[in-house]
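Undergrad: My structure is below; once you've seen it, I'll send some questions.
The values are calculated or read from the model by the stated rules, or taken from the named source; none is laboratory data. Because the structure is predicted, anything quoted here is derived from the model rather than measured. Please note: Cβ atoms are built from the backbone with ideal geometry, for glycine as well, and neighbour counts cover all protein chains shown.
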Amino acid sequence: MGFKKFIKSKKILSLLAVFMLTGTNLLMAQTNPGLASPSQGAGNSTAAVADDKSAMWTGAGYYVLLFLLLCVVIAIVGKILKVYDLTRQIQGKKELNWNNLMAAICLVFLLFGLYGAYWSFTVQGSMTLPEAASAHGVKIDEMFTVTTVITMFVFFVTQILLFTFLFRYKHSDKRRAFFLPHNNTIEKIWTILPAMVLTILVVFGFFTWQEITNSADAKGERASLNIEVTGHQFAWELRYPGKDLKLGAVNYKLVTGSNLLGIDYKDRNSFDDLRADTMYLPVNRSVRLNIRAQDVIHSCYMPHFRVQLNAVPGLPTFFKFTPTITTADMRNRLNNPDFEYLLYCNKICGGIHYNMKKVVRVVTEAEYQQWIAKQKPYLTDALRKDLGMPVAAPAPAATPKDTTANKRLALNN
Amino acid sequence: MSTLAVHDHGVVHHEEGHEHHHDTFITKYIFSQDHKMIAKQFLITGITMAVIAMTLSILFRIQLAYPDKAFPLLETLLGRFAPGGRLDPNFYLSLVTIHGTIMVFFVLTAGLSGTFSNLLIPLQVGARDMASPFMNMLSYWFFFLACVIMLSSFFVQKGPASGGWTVYPPLSALPKAMPGSEMGMTLWLASMICFVASSLMGGINYVSTVLNMRTKGMDLWKMPLTIWAFFLTAVLGVLSFPVLVAGVVLLIFDRSMGTSFYLSDIVLNGKVMPFEGGSPILFEHLFWFLGHPEVYIVIMPAMGISSEIMSVNSRKPIFGYHAMVYSLIGITVLSFIVWGHHMFVTGMNPFLGGVFMITTLIIAVPSAVKTFNWLATLWRGNIRFKPAMLFAIGMVSFFISGGLTGIFLGNAALDINLHDTYFVVAHFHLVMGSAAIFGMLAGVYHWFPKMFGRMMDEKLGFLHFWLTFIGAYLVFFPMHFMGLDGVPRRYYAFTEFESMKQWLSVNTFITWAAIMSALAQVAFLYNFITSIFWGKKATQNPWEANTLEWTTPVEHLHGNWPGEIPTVYRWPYDYSKPGAEHDYILQTTPLSETMSSNLPHDFEDNPIGLEEHTKWVNTHSNQEVK
């Protein structure tokens, strides 16, 4: 009796499906003119727009139909399975054992999953960042490798155990599960073991972190090069110190159209501060990146150097690091002549967050000196005028002075 | 004997109850104070919100997969938010923000805890209802109000909040900083306050019910792990949610009253703002003081539900019940002192970062214990693959995969380069997104017969599980590698960066995997809705489980048990006990009825019982010898 009922319901189901298919078709067909006409009525549309609209609705309708078709196929497969199962039962055979099927799928999933993970690791793993281009970055990468080895070992072991247990211990009426409420020894082992491994990682990580964030220049070490990067919606501004190697003070209240960073010219260190479009860094020299934000939080992210720190309005931060590989060298290593180091924003900051890019070039010391000599000071003539400073006189005088200063600098170094 | 008495009494009581209150449609389905109905209200609202949030995610996934393509349909549907058929960058951020907010708070906090705490706490501890049914009702209606306010922000001119679900000021505090920070942000804040009110009222109720209203014999160590999980979750929520309100209220002051709690030194669009002396870091501290416990609020109920379901369907006691409880307690305590790991690179004092790193990695220990215990529960079990069981297993698998990457992110030094990249997105979508939603779905499949008195279709459940499980891995596994390439999250498009273009094909793949998983949910929704009305009628104890909820009649009644509330004599995990008649023994079965299967362990605090037991064992073995 039940059997007959199912056959019947199958018919009903297919009827319903056909009904829905044709129904959707009709609906779509009706929608087209219906939707096009009001826009024509408004008088601002041409036949092309109407065509577009109808194309759009047919496109969407096509996908909806495909999905409905898929649903119908699934429903039919389901019904066939049910009918098959019931006929088996009528013939006195055992009913379909879903436990066995699921257990088998678990095993198949495990095998495919393992292969997929392997594929992902090799193919997508090779698309990740190149080697660290900074001194501390190498340490971070080492720690990353250690952590990866440990966690991936645990990952593969636990997932394999999970899915093989599922397959191995699938339900059987003949068997009872093994009553095992607890085992203190084994529980102690798997509390203490992870604790020990994690302690190693913590200690290792803690000291690396301390080292990276240690801000004082070591004794005898050459003073770090100060560079200021200021984030605002939606760009970065760079400021290099002039010959005095000191950045002048900044006060946000001084920001005007001509003094975008609010540089305080009461501070004499400000006078020779330079403006740059691209961030040039001398290789193998410690750089102290002074990070500021003007409006909202940004994040100064330079992934190739393993450098990231948020730029917070009202809280100037800094990150000290030493670039070790020049851009030219990295291009050779990667065999990619267009490679550039980048600085970009990594904290949601507004609509154009996705396009706050600054190119970073690591160059040799000599190239760096050449480049810095060409940069223009922030103190432009327009700004001088605004500040009521003499305009014409010092400007030409400053240029030769600057060059001599640079020469002297180069000699000193 | 005792069951007979209970039955008689029940009939009388039932009739009495009928006379006393006449349920109208409104008191029964809308302003209901019955915990079972409120649970259903939470569940259905939660599912609705989940579908909405999922649709939002598909919208922004389409943008990521086809950044250069126009979809005229989007313009028709979204109007000015998708001019020319392409999502507006600001609206993209709104989608991301509201997807996150809805999923974290409305689905995985209220939808998960709200549903199952309400349903199971009274049923599993043996109470007639919550400690305060009226407050329970209020809790749902505040939640509903919060949902409505949150969704209404799609209908304001500048669109919903768009500063990310973490709403860091100054972006969220300055209405001019982005369109979503105007009216949309105000609505977000209002909605969140209602939400916290709801969650507090719920939480206080759960805590007091568990502490005060357990039935006779139900001591703390006889509670199922679900109850432990809900209880500790509620404690977490009660202690941490008020901090969010504090943070949110100060943000409202900054937005509307000109205070400077979070703001200082700001020049917006060339205009110097008058704010001075505040710190955005303060908000981050307040936010994450809730925000981190919040992820455990999300995952702990899923852990409890999975533990229970895995034990029932492996026909085996949960391995290391005490260890499971202590690890839950450990997680609860530790979760309050790890929030700083979200802030390693915010400019917070690096020494503080070091400390938070230590506490963070410690929390991995109880998590590891739980994982191993689940594996041990499956070992030598007799595993029935019900849909609920599959989802519980999926939860474990996701918890492992996503939990392990937490060891990378909890390490301050590694976090420098991984922070806010797709690695993070992959990590939390696996460990708290997928794992928690799988816990929730497992719960729905398992307790559906209890909620609606009918069974869900198993085969559709299988289909739903495999498509979702595989889909979630396909979506989130590749994202790890994008993160390792330094691809930031919350980017509208990766077209502006030459180096990120290599991920375009991966993005397209992820989007299609996401669409597949989303469509798989149709199988669930169809199954869920049709089963409510036309599903096979459920029996009283369809899964042959031990816990109290399966001793209640299938037909719901206000007060849960006709007659006396049952007394509890044993822990909830006596499955496949050697010597027992069946492979399960209800919690209400006294030890005296199961002499053949009692173990010395059952009489730990009961010397008289132990004596009886030894006597029985001696005579029994003597007889066997003879």
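Undergrad: So, of the residues in the stretch A:305-318 that are among the hydrophobic types (A, V, I, L, M, F, W, C) and surrounded by fewer than 21 Cβ atoms within 10 Å (Cβ to Cβ), which turns out to be farthest from the other protein chains (Cβ to nearest Cβ)?
TA: Result: A:PHE318.
Undergrad: Sticking with this structure for a sec: For the stretch A:337-413, list the helices (runs of 4 or more DSSP H) that sit wholly inside it and hold at least 1 residues that are at pLDDT below 90 and touching a Lys or Arg at 6+ places or on another chain (Cβ under 9 Å); which are they?
TA: So the answer is A:394-412.
Undergrad: Moving on to the next point. Before we move on, is A:LEU81 more than 11 Å from chain B (Cβ to nearest Cβ), under 30 Å from B:ALA520 (Cα atoms) and in a helix (DSSP H, G or I)?
TA: Answer is no for this residue.
Undergrad: Right, next: Inside the stretch B:488-520, can you point out the residues that are within 21 Å of A:LYS358 (Cβ to Cβ), among the small types (Gly, Ala, Ser) and in contact (Cβ under 8 Å) with a residue 60 or more places away in the chain?
TA: B:ALA493, the sole residue that qualifies.
Undergrad: On to the next question. Specify which of the listed residues (B:ALA39, B:ALA53) is over 25 Å from B:ILE98 (Cβ atoms) and modelled with pLDDT of 90 or more.
TA: That would be B:ALA39, the only listed residue that is over 25 Å from B:ILE98 (Cβ atoms) and modelled with pLDDT of 90 or more.
Undergrad: Still on this structure, please answer the following. I'm trying to understand the selection: among the residues of the stretch A:231-248, which are surrounded by fewer than 19 Cβ atoms within 10 Å (Cβ to Cβ), within 13 Å of chain B (Cβ to nearest Cβ) and part of a loop (DSSP other than H, G, I, E, B)?
TA: Residue satisfying the conditions is A:PHE234 alone.
Undergrad: Among the residues that make up the stretch A:116-127, is at least one of them over 25 Å from the mean Cα position of the chain (by Cα), in a helix (DSSP H, G or I), more than 9 Å from every other protein chain (Cβ to nearest Cβ) and without any contact (Cβ under 8 Å) to a residue 40 or more places away in the chain?
TA: There is no residue in the stretch A:116-127 that is over 25 Å from the mean Cα position of the chain (by Cα), in a helix (DSSP H, G or I), more than 9 Å from every other protein chain (Cβ to nearest Cβ) and without any contact (Cβ under 8 Å) to a residue 40 or more places away in the chain.
Undergrad: Ok, one more. Being facing chain A (nearest Cβ under 8 Å) and surrounded by 24 or more Cβ atoms within 10 Å (Cβ to Cβ) is the filter here; which residues of the stretch B:155-168 pass it?
TA: B:GLY163, B:TYR168
Undergrad: Further question: Only one of A:THR327, A:THR256 is at pLDDT 90 or above and assigned by TED's automatic domain parsing to the domain that holds A:VAL363; which?
TA: A:THR327
Undergrad: Looking at B:GLY164, is it in a helix (DSSP H, G or I) and modelled with pLDDT under 95?
TA: No.
Undergrad: I would also like to ask the following. Of all residues in the stretch B:410-437, count the ones that are part of a helix (DSSP H, G or I) and either in contact with a His (Cβ under 6 Å, 6 or more places away or on another chain) or acidic (Asp, Glu) (or both).
TA: 3
Undergrad: Being within 21 Å of B:GLN540 (Cα to Cα) and basic (Lys, Arg) is the filter here; which residues of the stretch B:568-626 pass it?
TA: Scanning the stretch B:568-626 gives a single hit, B:ARG570.
Undergrad: Please go through the stretch A:84-112 and give me each residue that is over 19 Å from A:TYR169 (Cβ atoms), within 13 Å of chain B (Cβ to nearest Cβ) and assigned to a helix (DSSP H, G or I), ordered by number.
TA: Passing the criteria: A:TYR84, A:ASP85, A:PHE112.
Undergrad: Right, another one. At pLDDT 95 or above, surrounded by fewer than 21 Cβ atoms within 10 Å (Cβ to Cβ) and away from chain A (no Cβ under 14 Å): is that true of B:SER256 in this structure?
TA: no
Undergrad: Filtering the stretch A:210-230 down to residues that are assigned to a loop (DSSP other than H, G, I, E, B) and hydroxyl-bearing (Ser, Thr, Tyr), which residue is surrounded by the fewest Cβ atoms within 10 Å (Cβ to Cβ)?
TA: Restricting to residues being assigned to a loop (DSSP other than H, G, I, E, B) and hydroxyl-bearing (Ser, Thr, Tyr), the top hit is A:SER215.
Undergrad: Select from the stretch B:492-502 the residues that are surrounded by fewer than 23 Cβ atoms within 10 Å (Cβ to Cβ) and either at the interface with chain A (Cβ under 8 Å from one of its Cβ atoms) or of a type in the set (Lys, Arg) (or both) and write down the one among them that is farthest from the chain's Cα centre (by Cα).
TA: B:GLU498
Undergrad: Between a residue in the stretch A:77-104 that is surrounded by fewer than 13 Cβ atoms within 10 Å (Cβ to Cβ) and any residue that is at pLDDT below 90 and among the polar types (S, T, N, Q), which pairs come within a Cβ distance under 8 Å, given they are 6 or more apart or on different chains?
TA: The qualifying pairs are A:GLU95/A:GLN89.
Undergrad: Could you list all residues from the stretch B:523-535 that are more than 16 Å from B:ALA53 (Cβ to Cβ) and not polar (S, T, N, Q)?
TA: Scanning the stretch B:523-535 gives B:ALA523, B:TYR526, B:PHE528, B:ILE529, B:ILE532, B:PHE533, B:TRP534, B:GLY535.
Undergrad: Any residue in the stretch A:294-304 that is crowded, with 22+ Cβ neighbours inside 10 Å, within 14 Å of another protein chain (Cβ to nearest Cβ), in contact with a strand residue (DSSP E or B) (Cβ under 6 Å, 6 or more places away or on another chain) and within 23 Å of A:GLU367 (Cα to Cα)?
TA: There is at least one residue in the stretch A:294-304 that is crowded, with 22+ Cβ neighbours inside 10 Å, within 14 Å of another protein chain (Cβ to nearest Cβ), in contact with a strand residue (DSSP E or B) (Cβ under 6 Å, 6 or more places away or on another chain) and within 23 Å of A:GLU367 (Cα to Cα).
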